[in-house]
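Enquirer: Before I ask anything, let me first share the structure, which is written out below as structure tokens.
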Amino acid sequence: MKHSRLVASLIVGSVSRTISFAPSATHSIGGVSRLSRATQPAYPRTQIIRNMAAKAGVASPVELKDFVAAAGDKLLVVDVRHPDASVEPGDAKSLSMGFKFPNKEENYRPNAVNLPWSRETSSMELPDADKDTFIITHCGGGGRGQKAKDFLMENGFTNVLNGGGPKETECWAEFGDK
């Protein structure tokens, strides 16, 4: 049986990598050739799936953990989801899953503010914070979080990461309660 070269693209954190290898051993299950365990890449399957699902620009869990540690009590989390589901229907999903908006009165996510990203104006209200404040932006999954990150940086903020959103569970674990 002729073996063809296998090429896979992986996104690890914010770095894209292409792996190419020629299988040295295959076995067949039901007539379908499969790579033997010895020839599979050494990346955990769940890590590959998680990283391929992340939107462009979303920081890795390691980057977020280091960023949160460096920020200390100077961390600001900017939730750019919209409270009106008719404006952003996708936000209703994360809210229905228990990922609520920041609420200072209840001390829920005390380092976070809700500053919705407007698709109409491609802008948002700027946070009341110093330009060197450590800021993590997020939405439901990372798309508007990236737009918000770019917008903040264009407006002079210097320490900004896109944390994705609640569906990026490994990332959310690093800052979701802040």
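Enquirer: Report those helices (runs of 4 or more DSSP H) wholly inside region 80-178 carrying at least 2 residues which are touching a strand residue (DSSP E or B) at 6+ places or on another chain (Cβ under 7 Å). Steps first, please.
Expert: On the way: elements: 91-96, 143-154, 169-175.
Correct list: 143-154, 169-175.
Enquirer: Say we look at region 93-108 and pick out the residues that are under 18 Å from the mean Cα position of the chain (by Cα) and surrounded by 12 or more Cβ atoms within 10 Å (Cβ to Cβ); which of these is farthest from residue 178 (Cα to Cα)?
Expert: Checking each candidate, the answer is 93.
Enquirer: Moving on. Of these, 5, 17, which one is at pLDDT below 90, touching a Leu at 6+ places or on another chain (Cβ under 7 Å) and open to solvent by 50 Å² or more (accessible area, probe 1.4 Å)? It would help to see each step written out before you state the result.
Expert: On the way: 5 fails: touching a Leu at 6+ places or on another chain (Cβ under 7 Å).
Exactly one residue qualifies, and that residue is 17.
Enquirer: A further question follows. I need the full set of residues from region 51-64 which are open to solvent by less than 70 Å² (accessible area, probe 1.4 Å) and either under 11 Å from residue 136 (Cβ atoms) or aliphatic (A, V, I, L, M) (or both), in order please. Before you say what the answer is, go through the steps one by one.
Expert: In the first step, residues of region 51-64 are kept if they are open to solvent by less than 70 Å² (accessible area, probe 1.4 Å); the result is 51, 53-54, 57-61, 64.
Answer for region 51-64, where residues must be open to solvent by less than 70 Å² (accessible area, probe 1.4 Å) and either under 11 Å from residue 136 (Cβ atoms) or aliphatic (A, V, I, L, M) (or both): 53, 54, 58, 59, 64.
Enquirer: When the residues of region 140-159 are narrowed to those that are open to solvent by 40 Å² or more (accessible area, probe 1.4 Å) and not basic (Lys, Arg), which ends up nearest to residue 93 (Cα to Cα)?
Expert: 150
Enquirer: Also, quick follow-up: I'd like the full set of residues that are surrounded by 15 or more Cβ atoms within 10 Å (Cβ to Cβ) and of a type in the set (Gly, Ala, Ser), limited to region 65-89. So that I can check it myself, show each step before the final result.
Expert: Within region 65-89, the subset surrounded by 15 or more Cβ atoms within 10 Å (Cβ to Cβ) is 65, 67-68, 71, 75-82, 88.
Scanning region 65-89 gives a single hit, 71.
Enquirer: Does residue 162 satisfy the criteria of being surrounded by 14 or more Cβ atoms within 10 Å (Cβ to Cβ) and within 14 Å of the chain's Cα centre (by Cα)?
Expert: Values: surrounded by 14 or more Cβ atoms within 10 Å (Cβ to Cβ): yes; within 14 Å of the chain's Cα centre (by Cα): yes.
So residue 162 fits the description; yes.
The values are calculated or read from the model by the stated rules, or taken from the named source; none is laboratory data. Everything numeric in this text was worked out from a predicted model, so none of it was measured. Note that we place each Cβ from the backbone using ideal geometry, even for glycine, and neighbour counts take in every protein chain shown. These area figures cover heavy atoms from the full protein model, side chains too; ligands, DNA and RNA do not enter into them. Shrake-Rupley method; radii C 1.70, N 1.55, O 1.52, S 1.80 Å.
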